[in-house]
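Got a structure here, written out as structure tokens. Questions coming.
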Amino acid sequence: MTHLWKLDLIRRKMADLQLDSFLLSDLHVIRWLSGFSGSSARVLLSQDRAVLFTDFRYREQVAEEVDSMECSIIDGGFLNAFAESGVPGPERLGIEKDVVSVGEFERLRARFDRLAIVPVSGFFDEFRMIKDAAELGALRQAARITEQTLEKIVPMISPEVTELDIAAEISYWHRRFGAERDSFEPIVASGPRSAMPHARPQPEKIREGSLIVIDMGCVCNGYASDQTRTFTLGKIPDEAAKIYSIVRDAQQLGLDSIRCGMAAKELDAIVRNAIASHGYGEAFGHSLGHGVGVEVHELPRVSSASEDYLHPTTVFTVEPGIYLPGRFGVRIEDTVVLHESGPEPLQRYTKQLVQL
């Protein structure tokens, strides 16, 4: 995967902000920019150089994964390597304000006392929102793996298994199908616990008459998937079936309403108002969606407070839900790629209510 176009855009922004160099510390950004998947790295950028620093453990890995910048294997700490490289300077060094710790900032300032260190927030967000063909390919592959995994684990659901059993199977099958790892800890929530949007799986058997929310995703080639479906084990009350239909219709309305250039908060409002029209507005308390890329939660934010817009090749989720505490909850989620012609849902698994 080539990353040179990203470096070009970043250097233009550096010039606009009058930054002579930039220090990257966020491993997600480093993966996005270079392809390096190790757990220890820094990158220093200037207008004419890009250097990735890592240690001996990753000597072979960095040579295989990185082709768009110099690679430096360091023996000591990063600060010594920066000084020896000659990259920081000559005057203004940008850092990731939301990532660099106070301690690291103070060490940088003490070591490079002639530099003006400029903390910048969200420097890379606008570039990460727009996906190239290779990134979209990785996102589609991650989504396929999660769909394959879902098809494996749904038949396993019975009164004889626990939420933890299903969560463990999700992680197992993700890897069997080629994923690097889960993109987040799987959510398997049944019965009253399905009303908890981020419930942690418990060693509790799934009961007849329960709704079961399964929210899962994996990472493939550095990019994440995210998908939610809600199932039933046996017959459920009429009200639960009604709420499932409301959520399913609202989610489809969201997919049908997406247009290039629309404000993300407009999409959130369309779906939120549809749920509120049925009297369940207070029961939909989270945002409609979020961007997906090298992280499972990134820009654009699809919420009532979002200032983001939905542009071609942005990738984001549409995931309305209704949650009745102590009783049950329903959520349905797809990840979509937005094209000029409209949205492309990456999931194909049925949204008809599946009774197991």
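Quantify, in whole percent, the carbon and sulfur part of the accessible surface of segment 138-236 (1.4 Å probe; protein heavy atoms only).
Accessible surface attributable to carbon and sulfur in segment 138-236 totals 50 percent.
Which lysines, if any, have their Cα less than 23 Å from the Cα of K205, not counting same-chain residues under 8 positions apart?
By straight Cα distance, K205 reaches K152, K235.
Gaussian network model of the chain, Cα springs within a sub-10 Å range: biggest mean-square fluctuation belongs to which of G103, G234, G38?
Evaluated over the chain, the most mobile residue of the options is G103.
Right, something else. Which residue, L299, L324, L150, tops the fluctuation ranking in a GNM of the chain built on C-alpha contacts under 10 Å?
L324
Next question, about the same structure. Please turn the phi angles of segment 261-271 into ³J(HN,Hα) values with the Karplus equation 6.51 cos²θ - 1.76 cosθ + 1.60 (θ = phi - 60°), one per residue in order, whole Hz, x for glycine and proline.
Here the 3J(HN,Hα) series is x, 6, 5, 4, 5, 5, 5, 4, 5, 4, 6 Hz.
Here is a further query. With an 8 Å cut-off on Cα pairs and a minimum separation of 6 or more residues, tell me the relative contact order of the chain in percent. If you can, show how the numbers build up before the last one.
Values: 759 pairs, mean separation 50.7, N = 356.
After rounding, I find 14 percent.
Any idea what the alpha-carbon Rg over 2.2 N^0.38 Å comes to for segment 1-103?
For segment 1-103, the normalised Cα radius of gyration is 1.01.
Let me ask you something else. Can you run phi through the Karplus equation (6.51, -1.76, 1.60; θ = phi - 60°) for segment 140-148 and list ³J(HN,Hα) in whole Hz, with x for Gly and Pro?
Once θ is set to phi - 60°, the couplings for segment 140-148 become 5, 5, 4, 5, 5, 5, 5, 5, 4 Hz.
Per residue, how much accessible area does segment 192-317 show when a 1.4 Å probe rolls over the protein heavy atoms, in square angstrom?
The answer is 40 Å² per residue.
Pick out, in residue order, every one of the chymotrypsin sites (Phe, Trp or Tyr not before Pro) in segment 1-95 that is DSSP loop and has at most 12 other C-beta atoms within 10 Å; say none if there are none. Mind showing how you got there, number by number?
Details: sites: W5, F22, W32, F36, F53, F56, Y58, F78, F82; in loops: F36.
The qualifying sites: there are none.
Based only on Cα atoms, what mean projected area does the convex hull of segment 135-244 have, in nm²? All intermediate terms of the calculation are to be shown ahead of the outcome.
Details: hull surface 26.5 nm².
Reported value for the Cα convex hull: 6.6 nm².
Quick one: accessible area per residue over segment 48-169, 1.4 Å probe, rounded to a whole number of Å²?
On a per-residue basis, segment 48-169 sits at 52 Å².
Calculate the spin-label point distance for S68 paired with T350, positioning each point 7 Å from the Cα along the beta-carbon direction, and give it in nanometres.
4.2 nm
What residues qualify as long-range amide H neighbours of V118, i.e. H under 5 Å apart, gap of 5 or more or another chain, H built at 1.01 Å from N?
Counting only residues 5 or more places away or on other chains, the set is L93, G94, I95.
Okay, moving on. Read phi for every residue in segment 158-167 and hand back ³J(HN,Hα) as whole Hz from Karplus 6.51 cos²θ - 1.76 cosθ + 1.60, θ = phi - 60°, with x for Gly and Pro.
3J(HN,Hα) across segment 158-167, in whole Hz: 7, x, 8, 10, 9, 4, 5, 4, 5, 4.
Calculate how many DSSP beta bridges within the chain are antiparallel, expressed in % of all such bridges and rounded to the nearest 5.
Roughly 75 percent of the beta bridges in the chain run antiparallel, per DSSP.
A further question follows. Which angle from 0 to 90°, rounded to the nearest 10, does the C-alpha axis of helix 4-16 make with the longest principal axis of the chain?
So the helix axis and the longest Cα principal axis differ by about 70 degrees.
Run the reach check for K131 against lysines, Cα to Cα strictly under 22 Å, same-chain hits fewer than 8 apart removed. What comes back?
Counting by Cα, and skipping residues close in sequence, K131 has these lysines nearby: K6, K13, K265.
Under 22 Å between alpha carbons, and skipping anything fewer than 8 positions from K242 in its own chain: which lysines qualify?
K351
Still on this structure, please answer the following. Using amide H atoms built 1.01 Å from N in the peptide plane, name the residues 5+ places from Q202, or on other chains, whose amide H lies under 5 Å from its own.
Long-range HN contacts for Q202: E163, L164.
Find the relative contact order for segment 243-301 and round it to a whole percent, using C-alpha pairs within less than 8 Å whose residues are 6+ positions apart.
Dividing the mean separation by the residue count of segment 243-301 yields 26 percent.
Roughly how many nanometres apart are two label points built 7 Å out from the Cα toward the Cβ at R200 and R57?
Here the modelled spin labels are 2.5 nm apart.
If we count trypsin sites (Lys or Arg not before Pro) as exposed when they sit in a DSSP loop and have at most 15 other beta carbons within 10 Å, what is the longest stretch of the chain that avoids them all?
Here the longest segment lacking exposed loop sites spans 115-206.
Can you give me the long-range amide H partners of H339? Hydrogens built in the peptide plane at 1.01 Å from N, cutoff under 5 Å, separation of 5 or more residues or another chain.
Counting only residues 5 or more places away or on other chains, the set is T313, E344.
Using Cα-Cα distances under 8 Å and only pairs 6 or more residues apart, what relative contact order does segment 237-356 have, in percent?
For segment 237-356, the relative contact order is 26 percent.
Right, next: Say each of N80 and R109 gets a label point 7 Å from the Cα, pointing the same way as Cα to Cβ; how far apart are those two points in nm?
It is 2.5 nm.
Something else about it: What GluC sites (Glu not before Pro) does segment 242-335 have in DSSP loop regions with at most 15 other beta carbons within 10 Å?
Working: sites: E266, E282, E295, E298, E307, E333; in loops: E295, E307.
Here the GluC sites (Glu not before Pro) that fit, given the DSSP loop and packing criteria, are E307.
What angle, in degrees between 0 and 90 and rounded to the nearest 10, separates the Cα long axis of helix 102-111 from the longest principal axis of the Cα atoms of the chain?
The angle comes out near 10 degrees.
The values are calculated or read from the model by the stated rules, or taken from the named source; none is laboratory data. The structure presented is a predicted model; accordingly, all values stated were derived computationally and were not measured. Glycine gets a Cβ as well: all are built from the backbone with ideal geometry, and neighbour counts include every protein chain shown. For the accessible areas, the whole protein counts, side chains as well, though only heavy atoms, and no ligand, DNA or RNA atoms are used. Shrake-Rupley method; radii C 1.70, N 1.55, O 1.52, S 1.80 Å.
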